Amino acid sequence: MAGRARPVGALLLAPGAGADRDSPALVAVEEAVRVPVARMDFPYRKAGRKAPDRAPVLVEAVREEAAALAAAARVRPHRIALGGRSMGGRMCSMAVAEGLPAAALVLMSYPLHPPGRPEKLRVDHFGAIAVPCLFVGGTSDPFGSPEELEHHTRAIAGPVTHVWVTGGHSPKGHAGIARTVADWLASL
C-alpha cells in the first residue's frame, strides 16, 4: 500500500531585516525539521548593505529563492512551506498573498506594526492568504501583542495557529521554537 504523500516537501526561511541567513533562529529550525531547507539572504544583504530594499524587491527575491528550492529539492512549488523571522516572514506572507504557491507559512515574530505605532498595521494582505499559517511570537513583542495579532489574523482564510513564548521580538529558546515549527509542519 502506498504511503500518503507529505504536503510539505521543503521549507524556505528568510531572515529579519537586521540578520542574515545564518540567524540562530533559522539555523535551529533547519536542524529541527525533517524536510529540505533553504535559508536565504535578501539582495541588500548579498550586496553588503544594511538597509533593506523596498518590499517589491524583497518579495521578488522570495519568489526566486522558492523557485530555486523547488528545483533543487525536486518538489512542486505548492509543496514548499515559506516563512522566517520578522521582515523575512512578512515578505513570504506577502508573496503568498500575491499568488506564490505554498503549502504553508511559518511566521516567527511577525512585525504587525512598528514599535509604538499600532496605527501602522502591516496586514492589508492577510485576506488574500488561504494556506495554513503558524505564528510564533513573544508575549511582550513591541511589534504586536498576542491580542493584536490574534485579532488581525482572523482575516486569514487558511487555518491559523498561534504559539506564544516568553519574551519580546527576539525571544530566547530557539530550540523550543524550532521543535514547535517542526511538529506543526509534520502535522500538516
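Every read-out reported here was derived from the displayed coordinates using simple, explicitly stated rules and does not represent laboratory data. Please read all numbers here as calculations on a predicted model, not as lab measurements. With ideal geometry, Cβ positions are generated from the backbone for all residues, glycine too; neighbour counts draw on all protein chains shown.
Once C-alpha pairs closer than 8 Å and six or more residues apart are averaged by separation and normalised to the residue number of the chain, the relative contact order reads 22 percent. Taking Cα centre as origin and charging only the Cβ of basic (Lys, Arg, +1) and acidic (Asp, Glu, -1) residues, the dipole magnitude of segment 10-187 rounds to 320 debye. With a Förster radius of 30 Å applied to the C-beta separation of residue 119 and residue 76, the computed FRET efficiency comes to 0.15. Selection among 187, 165, 127 by position relative to the dipole of the chain gives 187 as farthest towards the positive end (Cβ unit charges, Cα centre). Here 65, 30 are placed in order of increasing Cβ neighbour count within 10 Å, fewest first, which gives 30, 65. Of all lysines in the structure, those lying under 26 Å Cα to Cα from residue 172, and not within fewer than 8 positions of it along the same chain, are 50.
Pairs of alpha carbons in the chain separated by more than 30 Å make up 10% of all such pairs. If a/c stays under 1.5 just call it rounded; otherwise compare a/b with b/c (prolate if a/b is bigger, oblate if not). Do that for segment 105-188, with a ≥ b ≥ c from the square roots of the Cα gyration tensor eigenvalues. Judged from the Cα gyration tensor, segment 105-188 comes out oblate (a/c at least 1.5, b/c at or above a/b).
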